[in-house]
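A.B. asks: Right, I'll just put the structure down here and ask away after.
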Protein chains: 2
Amino acid sequence: MSENHKPSLEVCLSPALLHLYDVKNSIVVIIDVLRATSTICTALYNGAARVIPVASVEECVNIGRAIGGITAGERDGRIAEGLVHGNSPFEYPREFIENQTLVLTTTNGTKLLHMAKDAIQIITGSFPNISAVCDYLVAQGQNVILGCAAWKDRVNLEDTLFAGAVVNRIKAHFDINCDSAIAAETLYNAAKDDIYTFMKQATHYKRLANFGLEKDIQYCLTPDGANVLPLFKNGELIAE
Amino acid sequence: MSENHKPSLEVCLSPALLHLYDVKNSIVVIIDVLRATSTICTALYNGAARVIPVASVEECVNIGRAIGGITAGERDGRIAEGLVHGNSPFEYPREFIENQTLVLTTTNGTKLLHMAKDAIQIITGSFPNISAVCDYLVAQGQNVILGCAAWKDRVNLEDTLFAGAVVNRIKAHFDINCDSAIAAETLYNAAKDDIYTFMKQATHYKRLANFGLEKDIQYCLTPDGANVLPLFKNGELIAE
């Protein structure tokens, strides 16, 4: 902590940079806006009992079978072979997901979540639950690392924008000595008046728009549509 | 290359991400604005015969002794033990550096330069030679990677801002499908009206300002004070 006794707030723009951060002494927020962490909070908001994030499709199938869970995940934007559902938050309305277990595998978000396993606490963040995330971080008073899942380790706009939005909201409560946090907030301020239009430049926007997923993107960029806090405990994400 | 037959322009925000880029088929621009690449172009602009970038202080001392060169380099902002000069561009006026060889070691820039050794061509960029860099890249018509030296692999504001300035100037000639390039240009556009004030937030500004180096920073953020193109050939940087 700094001399002013505020905890630190840092942004990690790619999983390939996470080793540079003091994960063990921080709460880590996993950010995979399009669409894993938006889907996780949506499923929990709609009453899912838990979400089990797993790395591989095989693990997803096996765990899903063992516990009677709903298996979901995509590879390169399409439902992975052997799984039943995808990463769209619209696949998980209350009438479908309530009291169910969702077993979810995603390329980027799940990987980062497992990399951060030694953190004080792991939560997941995205625009649909941004207020819950910010309230939690301020209340905890611990060091925070905002961990962008990125795209195959490449920095992406959507996760950086979300990190910047969080910095913008809660920076008064933290000591910020991190250029990535300043860059992310500057990016967010440049984009915030019309994030959806800004995102049309993004590589991931183009990939998803090719699959007709503009509605997903719009939802995933809108604050507080599923304002719940997913906490990672014992290998599961549950609503706090 | 893309369907529109323009070469690609990408930004790599940290050496720790360089493996994600196709270095072999690109011109790589090494960017270490504060202060290695600003100093390199200044020395060459003022008539240095060549700059030999080396990784270690020991190598710097040995090569400097063998060829009668000027040994220079810093570690954590101070002249490294055993070397005679530092990283300030103001140490290299024409009356001192003309026809001399500068043997320079820096933590971040030199490392990245050696990592990019398989590129089609390596040049160095910084605000003092931004026009020379942009003119060269447009004229070559090859794929380009703008490689930020960063700070011990952490993304920094100054190198990202310079990358964004280059994107802003030459993007019409390239195909940009890189979120880091869009983020860098957005950052540059947000900062460009007063880059010096914007940079006062940066971690590296604070480090250097503690050493009284505001004048260095101002120079390193000002376009075209030493508008020459440093080309890396056979282990040496020479003015094109």
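A.B. asks: Got a sec? Which of A:ALA72, A:ALA66 is of a type in the set (A, V, I, L, M), part of a strand (DSSP E or B), farther than 30 Å from A:ILE176 by Cα and free of Cβ contacts under 8 Å to residues at least 40 places away in the same chain? Walk me through it before giving the result.
C.D. replies: Values: A:ALA66 fails: part of a strand (DSSP E or B).
After applying the criteria, what remains is A:ALA72.
A.B. asks: Now, a different point. Would you check which residues across the stretch A:9-58 are more than 16 Å from A:GLY125 (Cα to Cα) and among the aromatic types (Phe, Trp, Tyr) and list them?
C.D. replies: A:TYR21, the sole residue that qualifies.
A.B. asks: Quick check: anything in the stretch A:82-90 hydrophobic (A, V, I, L, M, F, W, C), over 16 Å from the mean Cα position of the chain (by Cα), under 20 Å from A:LEU213 (Cβ atoms) and part of a loop (DSSP other than H, G, I, E, B)?
C.D. replies: The first filter runs over the stretch A:82-90 and keeps only residues hydrophobic (A, V, I, L, M, F, W, C), leaving A:83-84, A:90.
Keeping just the survivors that are over 16 Å from the mean Cα position of the chain (by Cα) gives A:83-84, A:90.
Next, from what is left, pick out any that are under 20 Å from A:LEU213 (Cβ atoms): A:83-84, A:90.
Imposing the further condition that a residue be part of a loop (DSSP other than H, G, I, E, B) reduces the set to A:83-84.
Looking for residues that are hydrophobic (A, V, I, L, M, F, W, C), over 16 Å from the mean Cα position of the chain (by Cα), under 20 Å from A:LEU213 (Cβ atoms) and part of a loop (DSSP other than H, G, I, E, B), one finds at least one in the stretch A:82-90, hence yes.
A.B. asks: Moving on. Quick check on A:VAL33: is it closer than 22 Å to A:LEU104 by Cβ and not in a helix (DSSP H, G or I)? Step through it out loud before you land on a result.
C.D. replies: On the way: closer than 22 Å to A:LEU104 by Cβ: yes; not in a helix (DSSP H, G or I): yes.
Against the criterion (closer than 22 Å to A:LEU104 by Cβ and not in a helix (DSSP H, G or I)), A:VAL33 qualifies.
A.B. asks: Evaluate the following for A:CYS60: is it under 24 Å from A:LEU13 (Cα atoms) and in a helix (DSSP H, G or I)?
C.D. replies: Working: under 24 Å from A:LEU13 (Cα atoms): no; in a helix (DSSP H, G or I): yes.
Considered against the rule, which asks whether it is under 24 Å from A:LEU13 (Cα atoms) and in a helix (DSSP H, G or I), A:CYS60 comes out as no.
A.B. asks: Return the total of residues in the stretch B:138-194 being over 20 Å from A:LEU157 (Cβ atoms) and within 12 Å of another protein chain (Cβ to nearest Cβ).
C.D. replies: 4
A.B. asks: Only residues that are part of a helix (DSSP H, G or I) and either surrounded by fewer than 22 Cβ atoms within 10 Å (Cβ to Cβ) or of a type in the set (Phe, Trp, Tyr) (or both): list them for the stretch B:154-174, please. Write out each step before concluding.
C.D. replies: So in the stretch B:154-174, the residues part of a helix (DSSP H, G or I) come out as B:157-173.
Passing the criteria: B:PHE162, B:ASN168, B:ARG169, B:ILE170, B:LYS171, B:ALA172, B:HIS173.
A.B. asks: For the stretch B:175-221, enumerate the residues that are surrounded by 21 or more Cβ atoms within 10 Å (Cβ to Cβ), among the hydrophobic types (A, V, I, L, M, F, W, C), at pLDDT below 95 and more than 25 Å from A:VAL11 (Cα to Cα).
C.D. replies: If the condition is that a residue be surrounded by 21 or more Cβ atoms within 10 Å (Cβ to Cβ), among the hydrophobic types (A, V, I, L, M, F, W, C), at pLDDT below 95 and more than 25 Å from A:VAL11 (Cα to Cα), then B:LEU213 is the only one that fits.
A.B. asks: Taking the stretch B:195-226 on its own, how many of its residues are within 14 Å of chain A (Cβ to nearest Cβ) and on the phi > 0 side of the Ramachandran plot? Explain how you work it out, then say what you get.
C.D. replies: Pass one, the stretch B:195-226, residues within 14 Å of chain A (Cβ to nearest Cβ): B:195, B:197-210.
Next, only the ones that are on the phi > 0 side of the Ramachandran plot stay: none.
Count: 0.
A.B. asks: Say whether the condition of being outside any strand (DSSP E or B), more than 30 Å from B:LEU20 (Cβ to Cβ) and at pLDDT 95 or above is met by at least one residue in the stretch B:118-131. Reasoning before the result, please.
C.D. replies: Going residue by residue through the stretch B:118-131, those that are outside any strand (DSSP E or B) are B:118-120, B:126-131.
Checking the rest, the ones that are also more than 30 Å from B:LEU20 (Cβ to Cβ) come to none.
Checking the stretch B:118-131: not a single residue is outside any strand (DSSP E or B), more than 30 Å from B:LEU20 (Cβ to Cβ) and at pLDDT 95 or above.
A.B. asks: For the stretch A:212-221, enumerate the residues that are part of a loop (DSSP other than H, G, I, E, B) and under 14 Å from the mean Cα position of the chain (by Cα). Show your work before the answer.
C.D. replies: Taking the stretch A:212-221 first, the residues part of a loop (DSSP other than H, G, I, E, B) are A:212-213, A:221.
The answer is A:LEU221, and nothing else.
A.B. asks: Regarding B:LEU18, is this residue surrounded by fewer than 20 Cβ atoms within 10 Å (Cβ to Cβ), closer than 25 Å to B:TYR136 by Cβ and within 14 Å of chain A (Cβ to nearest Cβ)?
C.D. replies: Numbers: surrounded by fewer than 20 Cβ atoms within 10 Å (Cβ to Cβ): yes; closer than 25 Å to B:TYR136 by Cβ: yes; within 14 Å of chain A (Cβ to nearest Cβ): yes.
Yes; evaluated as a whole, the condition is true for this residue.
The values are calculated or read from the model by the stated rules, or taken from the named source; none is laboratory data. In this text, all values refer to a predicted model and were calculated from it rather than measured experimentally. Quick reminder, even Gly has a Cβ in these numbers, built from the backbone with ideal geometry, and neighbours come from all protein chains shown.
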